[in-house]
Amino acid sequence: MRILASILAASLLATPAFGQASPGAAAAETRPVLVELFTSQGCGLCPEANRYLGELDQRDNVFVLAFGVSYWDMYGWTDTYARPEYVQRQRTYLPRLGVNRLYTPHFVVDGVTDAPGWNQDRVAEAVENRLAAMPDSPSIQLEDGPFGSYIVRLDGAAPEASLDVWLLAYAPGWASLEIGAGENEGVEMLHYNMVKSLTYLGRWSGGEAEYMGEAYRRHGTVAIVQGADGGPIYGYARAEPRR
C-alpha cells in the first residue's frame, strides 16, 4: 500500500477564501461556494465522485473539501481518512436536507442542498443556484495565534440567531492510495482536498468575537461559519499550508 500526495504551492499568509478583506468589512457576495463530498475508500462509486470533486475545484467560484467516512469499513477495508466526527457532520446535515439515511458519494453544496455523487448535473445545478442566491457573509479573519494556534476573528451581523464556528485542516490537492480489499480492491484511488481534522470552536450570535483552535501548519486550514446544527454556510476563511 502506498500513499502519494501532491501539495499545491503554499502562501505564508492566511487570507479569506473570497479574497482580501479588512477587519469589519463585509465579504463580497460572490465568495466561492463550499462543496463538501462525503466519500469512502470502500464505495465503488466514490472514485469517480472524487475525480469530479477535483474538477469542480478548478472553477474560480467553487472551493471543495472531502470527508472520509467509516461505515463502509465493515466490507473489508478500513478507510485511511475516515473519522467519527466526519460521519457525524454528514449525519447532522440529513434532517435539514430531507435525506433519510447516510450514503456515499454524497455532495453537500454550501450546507443548503445536496446531490448524489453519481449525478454530476445535479451537483452543478446546485452550485449555480447557490451562486445566484448567495447571502452576505460576516467578516472572518484567520490569523496566527500563540503557541502555534490559529485565531478566528468574527465581526458583523449574524444571519441567524446562532451559528456554529468550525476549524478544519485538509491536505490540498491530489493524493493516490492503492486499495487493498473491499469493493475497490486493487484500485489506485484518487483523493482530493481530504480533511485531516475537524474541530468545533463554539457558537456565534454576531458582533466581535474571537476563537482559538489548534493549527496544523503542514496542511491547509479553513475556518467555517454556518447555521447551527448543520445549517447553511455563511462564510469561511482559508490559510495555505506552510513548508
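The helix-based estimate of mean residue ellipticity at 222 nm for the chain, built from -39,500 (n - 2.57) per DSSP H run of four or more residues and divided by its residue count, is -5000 deg cm²/dmol to the nearest 500. Computed over the chain with a Gaussian network model linking Cα atoms closer than 10 Å, the most mobile of 64, 87, 108 is 87. Of 203, 101, 122, the residue with the greatest mean-square motion in the GNM of the chain, using alpha carbon springs below 10 Å, is 101.
Over all other residues within a Cβ to Cβ distance under 10 Å of residue 218, the charged ones net out to +4, with Lys and Arg as +1 and Asp and Glu as -1. For the residues 39, 113, 30, a 1.4 Å probe over the protein chains yields an accessible-area ranking, largest first, of 30, 113, 39.
Of interest is the spacing of the C-alpha centroids, which for the stretch 187-215 and the stretch 28-79 amounts to 16 Å. Considering only 66, 228, 133, give the residue with the highest GNM mean-square fluctuation for the chain, with springs between Cα atoms whenever their separation is below 10 Å. Top of the fluctuation ranking is 133. Surface composition of the chain: carbon and sulfur atoms hold 51% of the protein heavy-atom accessible area at a 1.4 Å probe. Per residue, the chain exposes an accessible area of 44 Å² to a 1.4 Å probe, with every protein chain left in place.
The values are calculated or read from the model by the stated rules, or taken from the named source; none is laboratory data. Because the structure is predicted, anything quoted here is derived from the model rather than measured. Every residue, glycine as well, gets a Cβ built from its backbone with ideal geometry; the counts of neighbours run over all protein chains shown. In case anyone asks, the SASA skips ligands and DNA or RNA and just uses the protein heavy atoms, side chains included. Shrake-Rupley method; radii C 1.70, N 1.55, O 1.52, S 1.80 Å.
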